[in-house]
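A short write-up of the structure that comes next.
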Amino acid sequence: MASTDVCNASTNSGLYNAIIFDLGGVISTWSSLSPESPLPAPANVFRRILSSSHWFEYEKGNLAKDEVYSLIAKQFAVEPAAVENTCQILSDSLQTNKKILEVIRELKETGLSIYAMSNISAPDWEMLKMKMTPAEWALFDHTFTS
């Protein structure tokens, strides 16, 4: 059964009228985030950084970039520059998952409402918006960020 057939079967039954997609790790991914990557901050440490309370405060807009880099550096025993450089490398490597966008396009054609959500800081959101085309963003009825 093709993905379009699955979409039509689901929407015809009336079970769903909207789908929410996560921007991070679903619609967009970091091409360099792996244990073998030559990142200034080790990938396994960086994954923990992204789940830290300091990072969450940054995503909510309660900390500036310099503040979060400093706090994280202390918490994880890494240099603030290593955190900043890792963020930049990963930002530069961010790629849109074209296969997911095609699935979203097919879902949209069935009449479903499509939403994107992410816990993301305002500066990172501004950067992310530049990674997709206006036509790709138009697939979403609305995008919600933290």
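The values are calculated or read from the model by the stated rules, or taken from the named source; none is laboratory data. The structure displayed is predicted, hence computed values, not measured ones. With ideal geometry, Cβ positions are generated from the backbone for all residues, glycine too; neighbour counts draw on all protein chains shown. The protein model used for the area step is the full one, side chains on, heavy atoms only, and it has no ligands, DNA or RNA in it. Shrake-Rupley method; radii C 1.70, N 1.55, O 1.52, S 1.80 Å.
Can we say Leu94 is in contact (Cβ under 8 Å) with a residue 24 or more places away in the chain, in contact with a Phe, Trp or Tyr (Cβ under 8 Å, 6 or more places away or on another chain) and closer than 18 Å to Ala122 by Cα?
Yes.
Which residue, of Ala64, Ala41, Ala77, is small (Gly, Ala, Ser) and surrounded by 15 or more Cβ atoms within 10 Å (Cβ to Cβ)? Show your work before the answer.
Numbers: Ala64 fails: surrounded by 15 or more Cβ atoms within 10 Å (Cβ to Cβ); Ala77 fails: surrounded by 15 or more Cβ atoms within 10 Å (Cβ to Cβ).
Exactly one of Ala64, Ala41, Ala77 is small (Gly, Ala, Ser) and surrounded by 15 or more Cβ atoms within 10 Å (Cβ to Cβ), namely Ala41.
Name the residues in the stretch 98-112 that are touching a strand residue (DSSP E or B) at 6+ places or on another chain (Cβ under 7 Å) and more than 17 Å from Leu23 (Cα to Cα), would you?
Within the stretch 98-112, just Leu112 meets the criteria.
Select from the stretch 44-61 the residues that are of a type outside the set (Gly, Ala, Ser) and either open to solvent by 80 Å² or more (accessible area, probe 1.4 Å) or not in a helix (DSSP H, G or I) (or both) and list them in ascending order.
Within the stretch 44-61, Asn44, Arg47, Arg48, Phe56, Lys60 qualify.
What number of residues within the stretch 4-38 are small (Gly, Ala, Ser) and either open to solvent by 50 Å² or more (accessible area, probe 1.4 Å) or modelled with pLDDT of 90 or more (or both)? Spell out the reasoning first.
Just the residues of the stretch 4-38 that are small (Gly, Ala, Ser), to begin with: 9-10, 13-14, 18, 24-25, 28, 31-32, 34, 37.
Subsequent filtering for residues that are either open to solvent by 50 Å² or more (accessible area, probe 1.4 Å) or modelled with pLDDT of 90 or more (or both) retains 9, 13-14, 18, 25, 31.
Looking only at that region, the number is 6.
Val103 versus (1) farther than 24 Å from Trp55 by Cβ; (2) free of Cβ contacts under 8 Å to residues at least 40 places away in the same chain: which is the lone unmet condition?
(2)
If I go through the stretch 110-146 residue by residue, how many of them are touching a residue at least 24 places away in the same chain (Cβ under 8 Å) and either basic (Lys, Arg) or touching a Cys at 6+ places or on another chain (Cβ under 8 Å) (or both)?
3
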